[in-house]
1. Pairs needed: first member in region B:262-288, closer than 17 Å to B:Thr85 by Cα; second member anywhere, surrounded by fewer than 24 Cβ atoms within 10 Å (Cβ to Cβ) and modelled with pLDDT under 95; C-beta distance under 6 Å; at least 6 residues apart or different chains.
2. Is it the case that region B:373-388 has a residue that's outside any helix (DSSP H, G or I) and buried (at least 24 other Cβ atoms within 10 Å of the Cβ)?
3. Which of (1) surrounded by fewer than 24 Cβ atoms within 10 Å (Cβ to Cβ); (2) closer than 19 Å to B:Thr253 by Cβ is the odd one out, the single condition B:Ser518 does not satisfy?
4. Residues in region B:564-576 that are crowded, with 19+ Cβ neighbours inside 10 Å and closer than 20 Å to B:Lys13 by Cα: how many?
5. Going through region B:361-387 one residue at a time, which ones are over 30 Å from B:Gln647 (Cα atoms) and in contact with a helix residue (DSSP H, G or I) (Cβ under 7 Å, 6 or more places away or on another chain)?
6. Got at least one residue in region C:252-260 being away from chain B (no Cβ under 14 Å), out of contact with any strand residue (DSSP E or B) (no Cβ under 9 Å at 6 or more places or on another chain) and not hydroxyl-bearing (Ser, Thr, Tyr)?
7. For region B:595-613, does any single residue satisfy the condition of being over 22 Å from B:Leu463 (Cβ atoms) and hydroxyl-bearing (Ser, Thr, Tyr)?
8. For region B:152-202, which positions are among the aliphatic types (A, V, I, L, M), closer than 21 Å to B:Trp335 by Cβ and in a loop (DSSP other than H, G, I, E, B)?
Amino acid sequence: MAGVHVSTTVNGDPAEFVCDPDEPLLDVLRNRLGLTGAKEGCGTGDCGACSVTVDGELVCSCLVLGAEVEGRKIETIEGMADGDKLHPLQRKFIEHAALQCGICTPGFLIAARALLKKNANPTEEEIRFGLAGNLCRCTGYDKIVRAVQDAAREMRGA
Amino acid sequence: MAYDTNFTGQKFKVVGTRPLRPDGLDKVTGRARYGADVSAPGQLVGRVLRSPHAHAKIVKIDTSKAEKLPGVKAVITSADLPDLTNGDAGMYDILVNCMARGKALYDGHAVAAVAAVDAATARKALKLINVEYKVLPHVTDVDEAVKPGAPVLHSKMFTDGVEPKPTKASNVAKRTEFGHGDVEQGFKEADVIVERSFKTEQTHQGYIEPHACLANLGSDGQGEMWVCTQGHFVYRNTCATLLGLDAAKLRVTASEIGGGFGGKTHVWAEPLALALSRKANRPVKLVMTRDEVFKASGPTSSTSIDVKIGATKDGRITAATATLRYQGGPFLGMWAELGAMTSYACYDLKNVKTVGYEVVVNRPKVAAYRAPSAPMAAFAVESVVDELAHKIGMDAVAFRIKNAAKEGTKSSYGPTYGPIGIGPTLEAAKNHPHMKAPLKKNQGRGMACGFWFNFGGQTSTSLNVTPDGSVNVSVGTIDVGGSRASMALIAAEELGVPYENVRCVVADTSSLGHNDMSDGSRVTFSSGMNTVIAARNAKKVLIQRAAKMWDIPEDAVTWEDGHAKPAGANAGNFPPLSLKEIAAAAANTGGPIAGHNEFVADGAGVSFATHICDVELDPETGATKIIRYTVIQDAGKAIHPSYVEGQYQGGAAQGIGWALNEEYVYGKDGRLQNAGYLDYRIPVCSDLPMIDTVILEIPNPNHPYGVRGVGETSIVPPLAAIANAVSNAAGVRMTHIPMSPPRILKALDDQAKAKAKAA
Amino acid sequence: MRYEAPSSTKAAVTLLTKEKGKSAILAGGTDLLVRLKGGFVEPDLIVDIKRIPAMREIKKTASGFQVGAAVSGNELGASVVKKAWPGVVEAANLIGSKQVQGRCTMVGNLCNASPAADSVPALVAAGAHAVIVGPKKKRTVPVEKIATGPGRTSLAKGEIVESLLLPKRPARAGDAYLRFIPRSEMDIAVVSAGVSLVLDAKGVVKEARVALGAVAPTVLLVAPAAKAIIGSKLDDAALDKLAAACSAACSPIDDKRGTIEFRTKVAGVLAKRAAKIAYQRAGGK
C-alpha cells in the first residue's frame, strides 16, 4: 500500500501527513496529528461524534479519506475556542449541563456551530433536525437543545 | 459511621445549587481523555477474531500463518488463558466469555486475538487465522430455548432452584420465587381478573464510546491499564484473577467514560489486551469497533412474561402473579430474579407471587442495563394494572394510588419499606398539568410507575487539605454523569469552603482501597456519604490543629462556616481560624491534614418514579411520535439538580428508544442482523420532545443528606407508560416491545379484521 | 491500493479502464467508506472524481437540468433545481444526516444500487436520465436502467455516470417523494414512493409517473399506478386505485427494517400522500 502525502490546514495551521489510501480522515486526525477531540463512535457516519468541517462544510471525518483533504481547510473541536476564550456554544454547554459523559460533545459543538452559521435563529424543530446526525445517549437531548438555543440568542445579541 | 440521620428539613449552603462541573472545560474543548485517546510508546494494535456462528464446536485453530506475518507480535487463543478461576463459576463464565473454550456460544464470541504494529497488519493477521468449526444447532429466542427439543447449550446445566433437581440438562439455569400471602385465595376474592403475556426484545445500552483500553503487562507480573470502565477496581480484580497476577501489581487507571449504563461493569476484551501485551512484551491498545460492541459486549435480556392480577370492583388488588423468563446470553445470570423482585415493588399487596426463570441462549452474555430487568417487568405489570383500572372503570392514577406501597408496607420481594416516594410521585402526577392537557385525534396518554432498589457497596475515599487550603477529594467511583461536581459540593458543604476550592478526582487503583463499580445508582449515595464522613474526619483533624495553635483542649473548639472557633466564652477569646490558616500552619502542627473513610455503604434508599407520556399515532403506517413526556421521581436529596434532571431525562430517552424502535434482530442463521447505529435505532434529537422533570425529595433516612440513587429508576416506567399511551391511542393493547411501526400496524389490522369478522 | 484524484473525466476513465485489479469510484464516499471500514470491499484503486470540474456543476440547459456526479446534497439543495423538481431535491436531501449531506451525491446514491436509495424513486418518477462516459461512446440511459439488483449496476468496466439529466418542467407540473422510516431522521427507507404529475388546465392529471422504493430488488416504475390516476382529479376513488396498484406491484422481503405485509400496505399509503403533494405543487386543488 503506497502512502499518500497530503498538505492541508488544520485549525489554521499548516499540517502535512502521509496516510494510507483508504485511511479515514478521523484516523489521520487522531493517530497521525494527535487531535483526539473527534471521536469514533461508529466509523460509519451514523453517530456524528467525529464531526469536523472541511472547507467550512460539516462532515463526519470517518466518511472522508485523509487523501482527499489535500489543500483543504479542516476545523476540529481543538480549534473552536479562541485562545482562552470559549466559543459561546462551548460556554453554554457547560452552563446548561448539556453534557454528561461528554463523548458526543465535540461532535455536537461542531455541528451546532455549522447549524448556527446557516441559521442564526433556528426554531426548536430546526435545531432538533439540524443535530439529528449526532447521537447522545446520556441527556435525552433536552439540555443540549436548550444550550444551543441560549447560545444562538447570545450570538444574535438578543 | 457517626453521623446525624436527623436530616429532614436540613438547610444547605451549596448542596442543591447548580455550579459548573469541573470536567466541563476539558469536555467542550476536546481534551478530555477517553479510553481510545491515550497512547504509549511502542504500542501495538490489538484485534479480536470472532465466531461467525451462533453455536459451533471449535475443532481446530491454526495461527501459524498469522504468527509469520511481518509486524505481528503476538497471537493468542484460549490456550494462552489457562483456567485460574479455582472453582468460581461466575469467574469461569467471564473467562469463557472473553475467549471461547472449545465452543463458540454466539455470533461474535472471541476465538483468537492478535497484536501487531498497526491496524492494517492486525486486520490482515486475523484473516490468516484458520478456525475449523463444526456448526451446532442454535437457539436465540427465549421462548424457543425452554421448549423441549431445543438445542441445549450446556450438557451440564440442570435447573437450580427446582426440587428435586432435574436430571436432564436444559437451557433453564435457575428458578427463583418471591412473594407472600395466598394468591389462589386472592384471585377468588377478585371481581375482575386480567391475564396477559408479554414479550420484550433485546436492547443495548448504546453508549457512544466503544470499549477501549491500553494494556501494558510485563513478564514480571507487573502492569498498568488505562481503560474506559464503570469500575476500575473490579476490572483490576477480575483481570488479575484471570491472568494470575497479584491485584496490587496491576494498576488500573480509569479514563473518562463515554457512557456505560451498566455495559461497562464487566470485562470484555481487557483480559485479552493484557494477555497480548504480556506475550508481546509491549503495550497493546485494543479498541472495539461498533459492530463488536453490539455483538460482543453485554446487552440486556430479551424476555417473555406472563402477568395475572385480580381486583375488587372498588379498586383493591387482591392477588398478583408473574412468571418471568429472561435470557442471559449463554450464561447463568440473575436477570429473571431481578425482574421477579421488582415486578410488584410499587404496590401494597396481600397476596403476590413472582417466579423467575434464567434462560440461556446463543446470544452475547447479558450485562446490567440501567435498573437491569426492571423495565421489562414494569412493562408487563403496569400494562395489566392499566387494563384492570379501565375494566373496573377507575382512573389509572387513582387505581394506583389506592394500591400503592407506603411506609410499613411489606414489599413483594421481602423487606418492609421505610419512608418511600411512590405515593408522592403518583399524587404529583395526578396534579400535574400534563395529566389534564387536552389530547387531539390519534393521540393517546399513558402513565406508569417504576421502582429500583439502588445500591450502596464498598467505598473508599480520601480527602486531603493542601497547604494553601484548597481541598482534594479522591474517589474510587467513576464519574458517569457529573458526580465529581456532586462530591465537590458535598465536601464544600461539610467544610464550609467555596465549591471552587475543591477538586474531586477519580483516583487509580493504587491510590485507594477497593471500590465497587459505578452501578446501582450508588455513586452520589455511597461516595457522597463517604465524602461526608471523610470531610468530617478531616474536620476533626482541623479542630485538633486549631486547638494546638490556641493551646486549648480539642473539645473546646468547634467548626463553623469553614472556621475553627472557640466552643464558648470559657474556651478563650480567639479570633476564628480559617481552614486556609490552619492548613498553612500544618507543617508545624502535625503535618498534612486529611480525612479518609472506607466502608460498605449500607442503607441505599429505594427509589420510585411515575412517568406521563403523550403519543401521536399515524394509523395508516403505525408510526408514533412522542409529543409530551413528564418524569416525576424521588431523589431523596438532589445534590446538583441539573445532573439529577439529566439522569431523569436520559433514562426516559433510553426507555423511549426501547419502547418504540430498539431491538436486536437475529436472522434464522443465529447471526445479529443490525450490529450498527443505522439499524439499531436509538433516538435521535428530532425524535424527542423536551422532557419535563419534577424532582421530589423524600429523604433517605440512611444518608446524612437524605440522598437516594437517581440514575436508574428513570428507565423503568417508560416502556409501560408508552405502551399504555400507544394502546390508548390505537384502541388495542400492545404486548410486544418494541412497538415498532410494523407491530403497531399489524395490531391495528388484526383488530380491524376481528371487528369485521364479529360484525 | 492507490488513491487518484484526476482532474478530467477522460483521465478518470483511463485510470479505471487500465486498472487490472478492482477499482472504486469515490464521489461523496458516504457509502464507499462504510464498505471499506467493514472490509466488504478492498479496491486496488480508488478514483476520486471530486476534482473534476465538470462533475461539480449544475447546469440549466435548454432541455432541463444537468447535475454533475460530484454535486453534494447541500449544493443541490441550494440550487435552481429545487424550484423545478422539489420532490427530487427533497429526496436527495433526505439521505443521511447534515454531515452526510455535505458529501453525498445523487449519482452515488444511484450507483450504490440499493433498492432503498432515497433519491432514486424521485429520479425515476421524474424521468431522469444518466449520462454515462467510458472507454466507448458516451451514452444516456433512463435512471431505472442503472441498477440491476441490490448492489449491482449495468455499468461496464471503465464506465462512470458523469451527470444526471432532469427534463424541463412544463406548466402545472409537480413532484413529491415520501419515505417511511421508524425514526424521524437517520434511517434507510423501509418503503418509499416518488410521484411526478402534469395537470391540464382544469386540474386533471394528464401525465403521471409513480415509482416505489424498497419493495423489490430495484426501484420500481409502476405504470399501472400512474394509469390509475391519469384522467382523474385525484379524487378518493383514484387515490384508492393508485394505492392498490402500488401494493400490487410490491414484491418485498422481510428483513430487519420491515415486513412484507408492512411494506406492501405502506407503499400504497405513501404513494397516495406523495401524489397529493405533487398534485398541490402542480397547482391542483
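1. none
2. Yes: one or more hits.
3. (1)
4. 1
5. B:Val361
6. no
7. Looking through region B:595-613, at least one residue is over 22 Å from B:Leu463 (Cβ atoms) and hydroxyl-bearing (Ser, Thr, Tyr).
8. Listed by number, the residues that qualify are B:Val152, B:Leu153, B:Met157, B:Val162, B:Ala169.
The values are calculated or read from the model by the stated rules, or taken from the named source; none is laboratory data. Owing to the predicted nature of the structure, the values given are computational and were not obtained by experimental measurement. Every residue, glycine among them, receives a Cβ derived from its backbone with ideal geometry; neighbour counts consider all protein chains shown.
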